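Worksheet for the structure shown next.
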Amino acid sequence: MHVSSETAVLLAKEVKEQRDYFYNTFLRPFCEPKRRQAKSKPVRSARNDRNYIHGQTVEIPFKISHKNQEDYLKKLDPAQWKDQDHYLVLGLGELRYRASDEDVKKAHKRLILKHHPDKRRQQGVKILDETKDYFACLTKAFEILGDPEKRRAYDSVDQTVADVADDVPDKLEADEKDEFFETFASAFLWNSRWSSKQPVPQLGDMNAKEDYINEFYDFWYDFDSWRDYSYMDEPVTGEDRWERRHGEKENKEAQRKSKETARIRRLVDNAFASDPRIAKLRDEEKKRKEADKQARKELQRQKAEQEEQQKRAALEKEQEAKRLLEEAAKQESERIKKEREADKKVLKKERKTLRDLLKGWNYFTAQNGSQLKVMQETERLCEALSGQELQELNQKMTAGDVDAAKAEFSARIVALDRKAEAGKAAELKEREERESRDAALKQQAIDEQWSEEEHKLLIRAVTQYPAGTQNRWDVVAEFINHHVFLNVLNKEAPRKKKLAKDVIAKMKNLKQIEMTHEAQKMEANSKAFDQFVQKQKPVLKPTKDDNSISENFDEEDSAKAEHPAKADQQPVKTGQQPAEKPWSAAEQKQLEQCLKKFPPTDPQRFENMAKEMGTRTADECKKRFKELVAKIKAQKAAASAGGK
């Protein structure tokens, strides 16, 4: 049967009017509670019930009669098969996507038996062109609904259901929050069928727990939809246009998918913003945070109060400990003070005892000069020894006769001298070590500023530019810097530029090192010569040290009385110089120590040596030094002659 284009337009218009009537009359009141005219009543709860939709049983009070279905079927144009309602064609307009595969097969079989062209020809119906007969629409409907993928694509764009499912309620105002569940429950219910993950959590009620609410919104914010919009694509015709049309198809599919994602997101956002449970949870969270804040403040207050108490207790403890320490220190100070006073009394008493003993023994001699010397030594003992040591000395001196007392006195004087010499030697050694360390540090600092190459350049420059050269040290510094710069160009380590003052300081340092080495050589030669003389000549008995105490003061005085000419200076003959005073062993030893103490670089070396010795002048020290040098040279000459 041929249908004109005008007839096709009228049929399409009639189909649209029937679809709108079906939607506005039966589906919209059920899906939009705010505009509902009659509430749906739950009638069954079995899961195999056709009206059981995603956990909720509803009743759709709409029945399409076979007569209406046949009238609709006969008005279809096979050329417009994409615009037809496939469920209505098969008589499944009531069940639609809830119809099972078995329902589709049964409906198709029933309609084939009734509307097949051969069957109708037997009934006397005249069919001119089977390709344009409405039976082709029935076959196309089964082709779509009988294939799971094609049926899913058709269900994704089924306007009868999509108009309801795609509707997104707006955000509710504050005075409309009581209608939240009534408004959004059905929206989430209809959109649940698009989810790839099943089962789908539903909105719930006001008594839902926080975990359930969070899981619900987490699921819908990550909603994965299986909706497929390939049904809306136009078929590709022509091989030359295949690639371009394929790209356009993919772009349209992506755009539709993006719009669907945005629609679901808008639905969830509106629900989240209108959900009174979220506001309640936020209020509870705010109260909980405020309670936690107050609890933290209270905890901090208690902690601060506890710390303050601990600080006060620690301060009181510290003050008490300080008081006890001060009291103990005061007691210790008083004890030390008493001990010192007692020691002073003992010291004063023992000093008086020692003086009285020596005075009673006439200072062990009858000569005034010797008595004066013993008195001086007595005062030395009184100043050097403690009260206990003086007490022991007095006890030992009074334990025997005068000779024993004299021996004990002399032994203490000798011990005192040795102690003084040991202290002086230790002090001298410490000073020498300190000077040696300072010199080493100074030398190290100077060496750090001068590399080996710079040392060589300095020697070369001093030789090349002798004394008398104008601005000699500036020229030497420039010479060194120039050659060091050339070394830097050769990728050696860069060095700091040398100035004239650096060159002068380095030359002075080298000169001091040279003089020190020379003095050490002279001292070594002097010692070597003394050893040589001692080996070649008999050992001379050293003269008695004038600073030592005589073992018999009476003998010294009697010797001076018997030989007064030896005690006094002998007269000098006319034209002759007075005889030189011989050097004692003690003076020789002291001279050697002074040579070590005062380096050759000291311009006042011999004057300082004379002051240090006290018994010799600077000229005598200098002359003695020259004699020692001469002895060393003689020793070297003798050694050379013996070797030949």
**Study point:** Condition met for ARG616 (of a type outside the set (Phe, Trp, Tyr), in a loop (DSSP other than H, G, I, E, B) and modelled with pLDDT of 85 or more)
**Key:** yes
Practice item. Would you be able to say whether some residue in region 356-363 is modelled with pLDDT of 85 or more, assigned to a helix (DSSP H, G or I) and loosely packed, with under 14 Cβ neighbours inside 10 Å? Key: yes
Review point. Within region 578-609, how many residues turn out to be assigned to a helix (DSSP H, G or I), exposed (fewer than 14 other Cβ atoms within 10 Å of the Cβ) and of a type in the set (Gly, Ala, Ser)?
Key: 1
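Let's see how each residue does on (1) surrounded by fewer than 10 Cβ atoms within 10 Å (Cβ to Cβ); (2) over 30 Å from SER410 (Cβ atoms); (3) aliphatic (A, V, I, L, M):
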| position | (1), (2), (3) |
| --- | --- |
| GLN309 | no, yes, no |
| ALA314 | no, yes, yes |
| LYS349 | no, no, no |
| THR353 | no, no, no |
| GLY369 | no, no, no |
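I'd like to check which helices (runs of 4 or more DSSP H) are fully inside region 367-468 and have at least 3 residues that are assigned by TED's automatic domain parsing to the domain that holds GLU350.
Correct list: 368-384, 387-399, 402-449.
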Review point. For residues in region 67-97 being assigned to a loop (DSSP other than H, G, I, E, B) and either in contact with a Phe, Trp or Tyr (Cβ under 7 Å, 6 or more places away or on another chain) or at pLDDT 85 or above (or both), which is nearest to ILE112 (Cα to Cα)?
Key: LEU90
Review point. Which residue pairs have Cβ atoms under 9 Å apart, sit 6 or more places apart or on different chains, and have a first residue in region 325-343 that is closer than 26 Å to CYS382 by Cβ and acidic (Asp, Glu) and a second that is in a helix (DSSP H, G or I) and at pLDDT below 90?
Key: ASP343/GLY387; ASP343/GLN388
Check your understanding: Which residue pairs have Cβ atoms under 6 Å apart, sit 6 or more places apart or on different chains, and have a first residue in region 484-513 that is assigned to a helix (DSSP H, G or I) and a second that is modelled with pLDDT of 80 or more?
Key -> ALA500/TRP473; ALA500/ASP474; ALA500/ALA477; VAL503/TRP473; VAL503/VAL476; VAL503/ALA477; ILE504/TRP473; GLN512/THR601
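The values are calculated or read from the model by the stated rules, or taken from the named source; none is laboratory data. Predicted, not measured: the structure shown is a model, and the values here were computed from it. Positions of Cβ are generated from backbone atoms using ideal geometry, with glycine treated the same way; all protein chains shown enter the neighbour counts.
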